[in-house]
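A.B. asks: Let me give you the structure first, and then I'll get to my questions.
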Amino acid sequence: MRHVVTGGCGFIGSHLVDRLVDLGHEVIVLDDLSTGKKAYLNPAAALVQGSVTDAGLVASATEGADSIFHTAAWARVPRSIEDPVGTHDVNVNGTLNVLQAARENGVRRVIYSSSSSVYGSQPTHVMREGMTPAPKSPYALQKLIGEQYADMFARLFNMQVVSLRYFNVYGPRQADEGAYVLVIPRFIKLRDQGKPLTLYGDGSQTHGYTHVSDVVSANVSAMEAELPSGENTVLNVGPNEETSINEIAAMIGGEVEYVFPNPRAMYEERRKSADNSKAKTLIGWEPRIPISEGIRGIAGGPARAAPQGARQS
């Protein structure tokens, strides 16, 4: 089969390309290399260099594709707050271009990389797909708009779309430089530099963390599963286990320092984990790699064993 991966030189996308190539598929990568790296491009995949904001390029790159895996995005909440217009162009208009290209080219299925950030604040910390989204940042809203476009295209044009809501993805190739680095690679780099691990707030906030290989497996399962046409199938991709920032710091090792007040409190939830039962039922997916094992695989050095007291919902 022939698949297109937007953002296929990026963190998640490059791992997905590797898996698809290993499975014997033909893979086309569409990436503008703004955050992705050419060094991550699988040599068996073809690169079309350009942005998902270029509708004509998206249409030509997806001709003859069986599936499109849309992983390209400006995927940082702080950046979306600083530049809501620029991130909207990539995250919303880019997604619209992908869906329109899939429609025009008769692509069998689109697998859209959404985000658990669409949930925002909810009455419970366990996120279920049927909850009414309450996004707290431009990025979260942009991902939700992408899902809504997916709903509309699926209904109007009898398309097959799957929206995967990722929960805090981490793993090899994740960026550890720049202004928008996420917590695990940031902690590892600080430790390796002999600097204290900076924790925002008291570090007791807990979330579900998903290894990138589990995210890749969810994408492949979403591509292979028997799913209905004419609707957007929304699935959580994350664990039902919560881990605190303090526990992550302990696993990575090193001195810690706390920053008060938490500068991210206004747009981050204090607790969030995934009800992944729908993904297990519909596509046979569930996470396989516990965070202690995943962090040991990328942290090296003095990374510690599994945290004590990680909450299980």
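A.B. asks: When only residues in region 249-281 that are in contact with a helix residue (DSSP H, G or I) (Cβ under 9 Å, 6 or more places away or on another chain) and among the aliphatic types (A, V, I, L, M) count, which is nearest to Val234 (Cα to Cα)?
C.D. replies: Restricting to residues being in contact with a helix residue (DSSP H, G or I) (Cβ under 9 Å, 6 or more places away or on another chain) and among the aliphatic types (A, V, I, L, M), the top hit is Ala279.
A.B. asks: Go through the residues of region 140-155 one by one and say whether even a single one is modelled with pLDDT of 95 or more, out of contact with any strand residue (DSSP E or B) (no Cβ under 9 Å at 6 or more places or on another chain) and in a loop (DSSP other than H, G, I, E, B).
C.D. replies: Within region 140-155 (the criterion being modelled with pLDDT of 95 or more, out of contact with any strand residue (DSSP E or B) (no Cβ under 9 Å at 6 or more places or on another chain) and in a loop (DSSP other than H, G, I, E, B)), the answer is no, since none of the residues qualifies.
A.B. asks: Counting just the residues of region 139-186 that are touching a residue at least 24 places away in the same chain (Cβ under 8 Å) and of a type in the set (Asp, Glu), which one comes out surrounded by the most Cβ atoms within 10 Å (Cβ to Cβ)?
C.D. replies: Once the filter is applied, the top-ranked residue is Glu147.
A.B. asks: Sort through Glu63, Glu129 and tell me the only one that's closer than 28 Å to Glu242 by Cα and acidic (Asp, Glu).
C.D. replies: Numbers: Glu63 fails: closer than 28 Å to Glu242 by Cα.
Going through Glu63, Glu129 in turn, the sole match is Glu129.
A.B. asks: Taking region 6-26 as the search range and keeping residues that are crowded, with 24+ Cβ neighbours inside 10 Å and either outside the structural domain of Met223 (by TED's automatic domain parsing) or free of Cβ contacts under 8 Å to residues at least 60 places away in the same chain (or both), which one is farthest from Arg76 (Cα to Cα)?
C.D. replies: Looking at residues that are crowded, with 24+ Cβ neighbours inside 10 Å and either outside the structural domain of Met223 (by TED's automatic domain parsing) or free of Cβ contacts under 8 Å to residues at least 60 places away in the same chain (or both), I get Val17.
A.B. asks: Hey, another quick one. Just one of Val77, Val52 is touching a Ser or Thr at 6+ places or on another chain (Cβ under 6 Å) and at pLDDT below 95; which is it?
C.D. replies: Numbers: Val52 fails: at pLDDT below 95.
Val77 is the lone residue from the list that is touching a Ser or Thr at 6+ places or on another chain (Cβ under 6 Å) and at pLDDT below 95.
A.B. asks: Name the pairs: first residue in region 29-40 and farther than 20 Å from Thr87 by Cβ, second residue in a helix (DSSP H, G or I) and among the polar types (S, T, N, Q), Cβ to Cβ under 9 Å, at least 6 apart or on different chains?
C.D. replies: Final answer for the pair search is Val29/Ser14; Lys37/Ser14; Tyr40/Ser14.
A.B. asks: How many of the residues making up region 217-256 are at pLDDT below 95, surrounded by fewer than 16 Cβ atoms within 10 Å (Cβ to Cβ) and among the charged types (D, E, K, R)?
C.D. replies: Adding up the residues that qualify gives 1.
A.B. asks: Every residue in region 220-238 that is in contact with a helix residue (DSSP H, G or I) (Cβ under 8 Å, 6 or more places away or on another chain), closer than 19 Å to Ser277 by Cβ and not small (Gly, Ala, Ser), please.
C.D. replies: Leu227, Glu231, Asn232, Thr233, Val234, Leu235, Asn236, Val237, listed by residue number.
A.B. asks: Now, a different point. What number of residues in region 133-176 are basic (Lys, Arg) and closer than 16 Å to Arg79 by Cα? Steps first, please.
C.D. replies: Just the residues of region 133-176 that are basic (Lys, Arg), to begin with: 136, 143, 155, 165, 173.
Subset that is closer than 16 Å to Arg79 by Cα: 136, 143.
The number of residues fulfilling the criteria is 2.
A.B. asks: Output the residues belonging to region 182-218 that are in a strand (DSSP E or B) and under 12 Å from Gly171 (Cβ atoms). Can you show your working first?
C.D. replies: In the first step, residues of region 182-218 are kept if they are in a strand (DSSP E or B); the result is 197-200, 206-207, 210-211.
Matches in region 182-218: Thr210, His211.
The values are calculated or read from the model by the stated rules, or taken from the named source; none is laboratory data. Computed from a predicted structure; not experimentally measured. Reconstructed Cβ throughout: ideal geometry from the backbone, glycine too, with neighbour counts over all protein chains shown.
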